[in-house]
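Heads up: the structure comes next, in structure tokens.
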Amino acid sequence: MTVLSTLDWVFILAYFSLILGIAWWVIKQKNETSDEYFLAGRNLGWFVVGASIFASNIGSEHLVGLAGSGATDGVALAHYELHAWCLLVLGWVMAPFYMRSQVFTMPEFLERRFSPTARWVLSLISLVAYVLTKVAVGIFAGGIVFGVLMPEVNFMGLNSFWLGSILVILLTGAYTVLGGLRAVAYTEAIQTVVLIFGSILVTWYGLDALGGWSELKRIAGSDMFNLWKPLVPEGLEGTWAPIKNDTTMAWYFNGNYPWLGMLFCAPIIGLWYWCTDQYIVQRTLAAANLTEARRGTIAAAFLKLLPVFIFIIPGMICFALAASGKMESLSDALLDSDGQVITANAQQAFPLLVATILPSGIRGLVVAGLLAALMSSLAGVFNASSTLFTMDFYSKFRPNASEKSLVRIGRIATVVMVIIGLLWIPVIQGSRGLYDYLQSVQGYLAPPIFVVFFFGVFNKKLNAKGCLAALGVGFAMGIFRLAIDTPVALYEDFSYTEGSFFWIINSIFFQYYSLIILIVCAITMIAVSYATEAPAYEKIKGLTFATLTAEDKAENRASYTKADVIWSGVVILLIIAAYLYFSG
């Protein structure tokens, strides 16, 4: 089956020509210093910062995973996308500390606040997290998109899935390795425009094929339009009890997203991701000043509200077209003999919709948008990974290394990360779903990092020993759960004996397990810190709210205007409006 026409390929080639042209222009600019290569010379404007944050975030987990969740669960996972307010926390609360300290990486900030050891530990955790989530998931999703749009392609025994994965890596890696963050940021600004425009077209044509918004609500049903209904099992509405009625194990709900876990765990993952993750925060570190950094986060917060309508809704449209029988090809691809959605196939919802409903030419433009999202997401994590390894490990072991040497090691680190990510793909293929996989791994790794950053800036008495204890305990708990989950995901016929300790751990919802890690880490950090000596004032001066100087406060006040406050308020109002609409 040939999905793409000649006109489609013209649009795709035009897109790649534009991206490679921009990348080449940036590469021709000198990237000989670490400041230029890793942070784009620290002179990015607010639009490039905001667009780059959004493009880095909107990647494989949205095109494949989030749209797939829309086909199976409706708007339930919009909770994660409505965490745009976390970007405001980054801009208004955390960015002033980061920009003031002039750091390259988030672990480097921990070194300033706590100790060099804390920096190395967080760098290690971050690199592991990137391999387990962003790199491998991005590669896997690229393969899925190519598998749907070019199913007939084969080369040297490799099918379209593997060819697509490898092609996305090579093209993205080329301009990332050569051009550094400046190439990543400027290409992402263009990719954001292409992605948004293309995704809006998918929603538009999808609703037109279905018969409009009212027809979507009729076919999908009220439950799929309710943020909370899919998360609460029958008979437990209005209660808090985290139990499953048909089992003696009082650990989990029906489904995979209990409302109690979503209410308390999802914001923790959101604040970790948006406010402390190198992958995102590196864009604000590259801003010309605090004003540009904050405005970039506000712009990104506005853009972050779009995925509900350009990814989740298309997933629901794909389900509705299949369920209604209006698109027989979609029914055959998504539904089983009983008319139920096949979870594994739901991950193809977005590319299936693109292949089915879009006219020639428009389809090529949207495919370019899909590739833009996959490439921008991978480019961001490649650059973040190389920055972490080079600045937090290599530069410490080789403090006298030249600027050219630092850039060269950063490029080598990117290549190594790609290879490791490729080896992890089989684990993702066996998981419950792409978005489930991503959120669960992040849920295991996020709590200790959230604790040390946020507790660290709000409490001046917390020290390096408490920080290391929290990171060590939290990381160990997360890796333990991941080690237990992996065989179940990797081998279809593998299961633990019901009632055994490993079965209990594997059966606990990842949100609840994440909250357990959070509580343990918080207690550990506070207990160890208060049982040992407090950090010296000079060491933490300007790095906590309690140790800000008068100059620091004056600088922060001068960095924003009334308009910045108003636009931030508009973001909050839009989030509230979305919650009200989807909670009927």
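Any read-out appearing in this document is the output of simple, stated calculations on the displayed coordinates, not a laboratory observation. Owing to the predicted nature of the structure, the values given are computational and were not obtained by experimental measurement. Positions of Cβ are generated from backbone atoms using ideal geometry, with glycine treated the same way; all protein chains shown enter the neighbour counts.
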- Query: What shape does the range 263-369 take by its C-alpha gyration tensor, where a ≥ b ≥ c are the square roots of the eigenvalues and a/c under 1.5 counts as rounded, a/b above b/c as prolate, and the rest as oblate?
  - Reply: prolate
- Hey, with R₀ at 51 Å, roughly what FRET efficiency would Phe264 and Thr6 work out to, going by the Cβ-Cβ distance, to 0.05? 0.45
- Just rank Ile419, Ile449, Ile516, Ile298, fewest to most, by other beta-carbon atoms within 10 angstrom. Ile419, Ile516, Ile298, Ile449
- At a Cα cut-off below 26 Å, give the lysines reachable from Lys553, other chains included and same-chain residues fewer than 8 away excluded. Lys460, Lys461, Lys539, Lys541, Lys562
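Only counting other Cβ atoms within 10 Å, I'd like Arg363, Arg408 sorted with the fewest neighbours first.
On the way: Arg363 26, Arg408 15.
Ascending Cβ contact count within 10 Å gives the list Arg408, Arg363.
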- Mind sorting Met94, Met106 by how few other Cβ atoms lie within 10 Å of their own Cβ, fewest first? Met94, Met106
- Query: Quick one: which of 80-89, 348-357, 453-462 comes out on top by average Cβ neighbours within 10 Å, and what's the full order, highest first?
  - Reply: 348-357, 80-89, 453-462
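Add +1 for every Lys or Arg and -1 for every Asp or Glu among the other residues with Cβ under 15 Å from the Cβ of Arg557, and state the total. Working shown, then result.
Details: positive: Arg100, Arg294, Lys553, Lys562; negative: Glu551, Asp552, Glu555, Asp564.
Result for the local shell: 0.
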